[in-house]
1. Out of everything in the range 243-259 that is assigned to a helix (DSSP H, G or I) and farther than 13 Å from Ser288 by Cα, what residue ends up being farthest from the ligand (Cβ to nearest atom)?
2. Does Arg75 count as of a type in the set (Lys, Arg), open to solvent by 20 Å² or more (accessible area, probe 1.4 Å) and within 16 Å of the ligand (Cβ to nearest atom)?
3. Answer yes or no: is there a residue in the range 302-318 that is within 16 Å of the ligand (Cβ to nearest atom) and more than 30 Å from Lys70 (Cβ to Cβ).
4. Report, by residue number, each residue of the range 199-218 that is in contact with an Asp or Glu (Cβ under 7 Å, 6 or more places away or on another chain) and of a type outside the set (Lys, Arg).
5. Counting only residues that are out of contact with any Lys or Arg (no Cβ under 7 Å at 6 or more places or on another chain) and over 23 Å from Lys141 (Cα atoms), which one in the range 97-108 is most open to solvent (accessible area, probe 1.4 Å)?
6. Please specify each residue of the range 209-242 satisfying the condition of being more than 20 Å from Arg190 (Cβ to Cβ), assigned to a strand (DSSP E or B) and open to solvent by 20 Å² or more (accessible area, probe 1.4 Å).
7. Determine, yes or no, whether Arg111 is on the phi < 0 side of the Ramachandran plot, modelled with pLDDT of 95 or more, surrounded by fewer than 24 Cβ atoms within 10 Å (Cβ to Cβ) and of a type in the set (D, E, K, R).
8. Could you list, in sequence order, all residues of the range 153-162 that are open to solvent by 30 Å² or more (accessible area, probe 1.4 Å) and of a type in the set (S, T, N, Q)?
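The values are calculated or read from the model by the stated rules, or taken from the named source; none is laboratory data. Please read all numbers here as calculations on a predicted model, not as lab measurements. Virtual Cβ from ideal backbone geometry, glycine too; neighbours counted across all protein chains shown. Only protein heavy atoms, including side chains, enter the accessible area calculation; ligands, DNA and RNA are left aside. Shrake-Rupley method; radii C 1.70, N 1.55, O 1.52, S 1.80 Å.
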Amino acid sequence: MSNTRAVKHILDSRQLKDRRFLEGFFARAKEMKEAILKKRNTKHHERFLIASMFFEPSTRTRFSFESAGKRLGARVIATENAKEFSSGYKGESLKHSILAIQDGFDAFIIRHHEDGSLARIVKDPNPPFIAKPIINAGDGKNQHPTQSLLDVFTLHERFNRLDGLKVAFIGDILQGRTIKSLAFLLAHFRDNEFFFVAPERLGLQTDMAEYLRERGVKFTESRDIDAILPEVDIAYVTRLQWEREKDEERREELMLEAVAFQLTRSRAVKMKADAIIMHPLPINTEKSEGYPEITTEVDSDPRAHYFVQSNNGLPVRMALLDILFRGESDELYNLIGDVP
Ligand code: NCD
């Protein structure tokens, strides 16, 4: 029997869908945000030690996780570029890497390049078992649950609700894990409407469409960004995940197709005055042949909300670690769902 029930892993945004959990969570994250602003002491978890293993590149997720851990008083041992700097390079499996060191740590934060790799190892029915909580900091094209948490925290902070929102998901819907995670989570709230705006080859996947249909979510696919933008409360833009496309010719074609979906200033000003533009970041400003998915002049538009969103990553990750470290004595901990 697997021991996944004994340890709570955060691997999928759908584990976080409980309304009571999210209400309590938003309050906790808000407390953390205030504590940071007012420089209050948040070091309640000094006896904890976190392992942070990133097999794929990251700036904000890694920095906000590690700084969240440290602001809570925990210590963090980290390897970035774990593909080369960990024993994974020598051919060790991910499960073995964790089993080999888990006794010394209280939590693992892992970003991995393979879709579903973390769920596979925690659900492996064969002993030895993973005994410490793993937080998925992004697994391939699959999930990025803490990005969804900071996204919904940001939405709630701005709109004071997670229901009745019109969201345009723009960009790489096929390969981006942030859109998938957020759409899956928002699908559990009432009367949200989604518009997927992407080049044909990067559009909605069947599994996601099926999930949304099952949940009765209203959604449409469109290539007409100019028709959709004035209608929505949120434009959630993502970059083309070009590094996941190994074929150089196809990559260039996709880049050219993506140009049509660029969020420029002239498009931004046609959005509702109280709408917001979100983006998990990074915006591909430097490697997009002059066509970033959001042009730099949009940064100063009042609708641009992506830096607020990104900075919310710190209090959100502090709140999540706080809950995991407190464990069963924390009522929010018990409202986190099982890994689907
Ligand atoms: C995203 C990711 O890694 O999935 N970045 C992030 O964590 N904020 C988005 C991306 O890489 O495009």
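1. Only one residue fits best here, namely Glu249.
2. Considered against the rule, which asks whether it is of a type in the set (Lys, Arg), open to solvent by 20 Å² or more (accessible area, probe 1.4 Å) and within 16 Å of the ligand (Cβ to nearest atom), Arg75 comes out as no.
3. no
4. Hits for the range 199-218 are Pro199, Leu202, Gly203, Leu204.
5. Selected residue: Asp103.
6. Scanning the range 209-242 gives Glu221, Ser222.
7. No.
8. Asn160, the sole residue that qualifies.
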